[in-house]
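Inspection log for the structure reproduced underneath, given as C-alpha cells.
Read the figures in this text as sums done on the coordinates, not as results from a lab. The structure displayed is predicted, hence computed values, not measured ones. Don't worry about glycine lacking a Cβ; one is built from the backbone with ideal geometry, like all the others, and counts go over all protein chains shown.
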Amino acid sequence: MQSRNPTKETTFGPLNGYLMLLVVFGLIGGAIALFVSGGNRPDPVIILGGAGLIFAAVLCLPGFFVVEPNLGRALVLFGNYRGTVRTPGLFWTNPFTSKKKISLRAHNLNGKPLKVNDLLGNPIEIAVVVVWQVHDSAQALFDVESFEHFVEVQGESALRLVASRHPYDDGQASDVSTTLRGSADEVARELQHELQERLKLAGIEVLEARLSHLAYAPEIAHAMLQRQQATAIIAARTKIVDGAVGMVDMALARLSEKGVVHLDEERKATLVGNLLVVLCGNTNPTPVVNTGSLYT
C-alpha cells in the first residue's frame, strides 16, 4: 500500500469579529460623510472615495464567521489549509477564505443488522452501536472523501471481521475462550480497538462500540434453539444425578451408622434403585406398599 502523508490539524487565530465590526461601521460612516460632503460641494474625487469605502465595507462582510460550541471551522485560502478555529465566538478573516464547518460533537452510528458467519461458519445476525467524534478536523475533511460515510463503511467491515473471530455461544469451540454472546465486554473492547485502527486515517476517535443486536439467522434459529434446549436439559440432568447419588450415599451411610437396619447387597441395590427413581423422576412417585418379602 502506498504511504500517505496525513494532514495534521493546526490552530488558526483569526481577528476578533467585534473589532472588525467597528471597522466596517467606521468605513460605512466615513463613506456617508464623504457622500454628504460631495453633495454639498460636487467633487468626483470625494464621490469616488465614498464609493471606495462602501466597496471596502462590503468586501469585508464575507470575512465574518461564527463558531458555535463544539463546532469547528477549517479555513482554506486558495486551496491551502490555514488552520482550524475551535474557540466559540465571532471572528473575521480574509474574505476570500473558505470556511468549512465541521462538528466536533459526539456522534452515534446505529448500524443495521448484518448477516455474517461466526468462527464456525454459522450464519448470524449482528449489529453494532458506535459512539465517535472528530479528533483531527483536517484529516476528517481532507484525507477521506466523506468522513461520515467512511465511519459507516469501516464500522460494518470491522464488525464482520470481529464476528468471524468468535463462535456465537459457549461450548461450540474448545480452543476459543471468548464468544459473541457470553463475552460481551471482551468483544466490545476488541471491536473498539479494530474500529480505532481503521478510523485513525480520518482523524476519528472511537469513544465506545458495543453490539446492539445478536441472533442466529432465521434459517438455523429453530435448530440452534433445539440444541440450546438439549444442552440445558443435559446440564440439568447431570446436576440432578450428581445430587441424587450424593443423597443416596448419605442415606446408606446414615442407616449403617445409626444401625437402623442391616442391609445385604441385594437390599442395598433395591434401596438405591428406589431412591434414584424418586430423586431423578420428572413426576411425583406413587408409593407401593409391599406386604410380602423381597425374597418371595
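Using θ = phi - 60° in the Karplus curve 6.51 cos²θ - 1.76 cosθ + 1.60, the 3J(HN,Hα) couplings for segment 193-199 round to 5, 5, 5, 4, 5, 7, 8 Hz; x is entered for Gly and Pro. Evaluating 6.51 cos²θ - 1.76 cosθ + 1.60 at θ = phi - 60° for every residue in segment 71-85, the Karplus couplings come out as 10, x, 10, 8, 9, 10, 10, 6, x, 9, 6, 9, x, 10, 9 Hz, glycine and proline recorded as x.
Between V129 and E68, the FRET efficiency estimated from the beta carbon spacing at R0 = 41 angstrom works out to 0.95.
Extension gain for N5 to S212 (0.36 nm times residue separation, less C-alpha to C-alpha distance): 71.0 nm.
Sorted fewest first by neighbouring Cβ atoms within 10 angstrom, H213, H149 come out as H149, H213. In this structure, V245 and S164 have a Cβ-Cβ separation that, at R0 = 35 Å, corresponds to a calculated FRET efficiency of about 0.25. With neighbours defined as other Cβ atoms within 10 Å of a residue's Cβ, the residues S103, S164 order from fewest to most as S164, S103. Size descriptors for segment 107-216: radius of gyration and Dmax over Cα atoms are 14.4, 47 Å. Pairs from the list K8/K99; K99/K200; K8/K100; K8/K112 with a Cα-Cα gap above 21 Å: K99/K200; K8/K112.
Residues V151, V36, ranked from the fewest to the most other C-beta atoms within 10 Å, line up as V36, V151.
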